[in-house]
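Read through the structure below, which is laid out as structure tokens, and then see the notes.
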Amino acid sequence: MLAALVVGWWLTPASQGRDESAWQSTLTVVPAPGSEDSVKLDVVRTFATSEQVTADAAKRLGLKDPAVLKPRVDISADAEAGMITITATGATQHDSEAVAGAFAKAMVQGYRKSLRDSAMTSADERSKQLKSLGDDITSMQDDLNASLGSRRTQIKAQLDSLNGQYSDLYSTIAKLRQTARAPVLEQFGGINSTASSGSVLSAPSSRSARLALAAALGLALGLVAVLMLDRLDTRLRSRSQAEEAFGFPVIGEIPVMSRRLRRSRVPAVASSPGAPAAEAYRALRAALLLTAPSSLAFPIGGRRDDRSSLPRLPQTAPVVLVVSARPGDGRTTTVAELAAALAETGRSVLVLDCDFRGSRAHELLGVEPGPGMAELLGGDGAEGLKEAIRPTRVERVGLVTAGRHSGYPAALVVRADEVLDEARKHADVVLVDSSPLLYANDSYDLVGHADTVLLTARSSHVTPEQAGRVGELLARTSVPVAGIALTASPGSPGSSPWITRRPSETVTTGAVTPFPAMGPGLVRDQDRSRAQPPRQTAEADPPDRGGPSWALGRDGTAPKAEGDDL
């Protein structure tokens with residue numbers, strides 16, 4: 001619409017000449033009933049073309065210069081048909097009809113006024129004659145009364161003659177006054193208008209009218225374009241579309257984060273605990289814990305030493321690989337927020353930044369860049385994994401940055417299994433940030449080393465074809481997919497304004513805190529002999545509840561606040 005307004009303003013001059021012959025209107029005037037004999041059409045036509053009628057018509061139209069009307073009006077008289085035809089032209093139908101009507105009224109009223117003035121003048125002159133004649137009759141009547149004989153007969157004859165003249169003069173005055181009051185001309189029928197160019201539609205000549213038309217057309221074209229783009233744009237927007245395209249369930253919907261939270265060097269879960277996005281990531285944490293594969297499950301609150309009825313706890317911490325189809329899907333943000341959410345439950349979390357093409361995990365966790373995964377995987381660093389772990393601004397969250405790599409990033413994942421095995425010993429949960437799955441092969445090579453995969457997708461960012469390709473790639477592996485985290489979701493339940501932060505769920509942030517050693521939340525096989533809890537009777541055993549291995553807190557029991565996240 002803005003473009004249409006600009007074009008309309010540019011193409012329309014401030015003042016533009018009007019085509020005063022675009023429309024033609026015709027109007028017919030005939031003598032009024034009873035005045036056919038007294039009206040001379042040639043005299044009427046001559047009067048209609050006078051300066052008096054033109055000035056009166058211009059005044060009715062609100063024009064200051066009557067001369068502009070003369071070339072637009074033509075008046076003709078047809079004596080045989082007994083009518084006068086007025087033809088007027090104008091730029092629009094309304095203009096031409098207004099000119100024809102104004103001339104007709106000016107002619108009819110002006111001619112009637114001229115006849116009335118003439119009749120009234122004649123009547124006034126005859127009234128004077130009638131008064132003088134009445135005086136003569138009165139005087140002669142006095143003489144008649146005083147006369148005798150033949151003189152009386154002579155006076156009576158003169159008196160009768162004067163009375164006859166008086167009657168005739170009186171009748172003439174009465175007719176003149178009746179003529180002054182009676183209509184002389186009247187309009188016959190309506191106004192017939194036709195377009196001279198043969199087309200009823202014409203472009204407006206004024207700038208304001210063209211701008212209004214351009215705005216209307218621009219708005220209509222804009223609406224059509226939006227509808228067409230909406231039909232042609234097949235990008236995934238809703239939860240159902242994402243589940244159908246990827247073939248995996250959506251276990252978390254994350255609302256759009258504010259610019260302040262996106263620029264923060266601390267995850268929103270820790271810096272703004274009551275924000276809708278923070279609550280949505282806690283819901284994602286709870287869903288991830290409940291949807292973990294059976295190989296990572298351990299009964300929450302169950303007995304650790306009953307090997308006959310319960311699965312054996314894994315030797316090492318589980319590894320969660322976070323992947324996405326393309327850049328900008330919120331993968332790194334999800335890793336940072338999920339790490340802070342897991343740390344809220346008392347677990348120690350280790351984040352491995354394996355996105356060697358666009359690493360940002362250190363920015364979101366408030367850590368300066370330095371040696372990290374590139375040196376560990378390439379074997380170039382003198383330090384081990386333990387020395388590479390960097391403390392972050394979130395308590396119980398450590399980070400191994402991407403490091404500084406040179407060469408082909410995909411070649412760095414050759415030693416990924418060794419580094420990941422070592423990483424399992426340093427935390428309760430290991431989160432791995434990777435490159436976009438459709439843009440880099442190293443992300444696909446890391447899938448085989450993870451215990452589960454969390455897929456992130458941004459609303460209105462991924463097409464069904466891309467989602468289907470990601471689903472096919474992940475289906476070829478034996479690693480279970482926990483589900484999809486749909487970021488920037490317009491219908492996220494985390495955007496509810498009534499959600500408030502529980503005081504017990506506060507995460508300590510601010511200064512960088514040392515990354516803690518792995519707590520006893522996960523009991524390794526080599527430590528089982530000294531971490532065995534006292535056996536209880538079968539009657540005191542709580543009912544079994546399936547769950548992932550990292551569902552245990554640092555004290556070996558399930559976190560009490562976990563159920564509140566759902």
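The calculated FRET efficiency for the pair S147 and D124, based on their C-beta separation and a Förster distance of 35 Å, comes to about 0.50.
Could you work out the Rg to Rh ratio of the stretch 442-487, with Rh taken as the Kirkwood radius (inverse of the mean 1/r over all Cα pairs)? Intermediate results must be reported in sequence, preceding the final value.
Details: Rg = 10.8 Å, Rh = 11.3 Å.
Rg/Rh for the stretch 442-487 comes to 0.96.
At the residue level, K131 shows approximately 140 square angstrom of accessible surface with a 1.4 angstrom probe and all protein chains present. Relative protection proxy for 218-224, 249-255, 143-149, from highest mean packing down: 249-255, 218-224, 143-149 (other beta-carbon atoms within 10 angstrom).
For R393, the solvent-accessible surface computed with a 1.4 Å probe is close to 80 Å², ligands and nucleic acids excluded. Among the listed pairs K40/K64; K40/K131; K64/K113; K70/K175, those with a Cα-Cα distance over 26 Å are K40/K64; K40/K131; K70/K175. Using a probe radius of 1.4 angstrom, the carbon and sulfur fraction of the accessible surface of the stretch 47-109 is 52%.
Would you please classify the overall shape of the stretch 53-115 from the alpha carbon gyration tensor, given that a ≥ b ≥ c denote the square roots of the eigenvalues, rounded means a/c under 1.5, and beyond that prolate means a/b larger than b/c while oblate covers the rest?
Because a/c hits 1.5 or more and a/b fails to exceed b/c, the stretch 53-115 counts as oblate.
Between the stretch 102-129 and the stretch 343-406, how many Å separate their Cα centres? Distance between centres, Cα-based: 109 Å. Using all pairs of distinct alpha-carbon atoms, the Kirkwood hydrodynamic radius of the stretch 24-174 works out to 19.1 angstrom.
The values are calculated or read from the model by the stated rules, or taken from the named source; none is laboratory data. Just so it is clear, the model here is predicted, and its values are computed rather than measured. We place every Cβ from the backbone using ideal geometry, glycine too, and count neighbours over all the protein chains shown. For accessibility, only protein heavy atoms count, side chains too; no ligands or nucleic acids. Shrake-Rupley method; radii C 1.70, N 1.55, O 1.52, S 1.80 Å.
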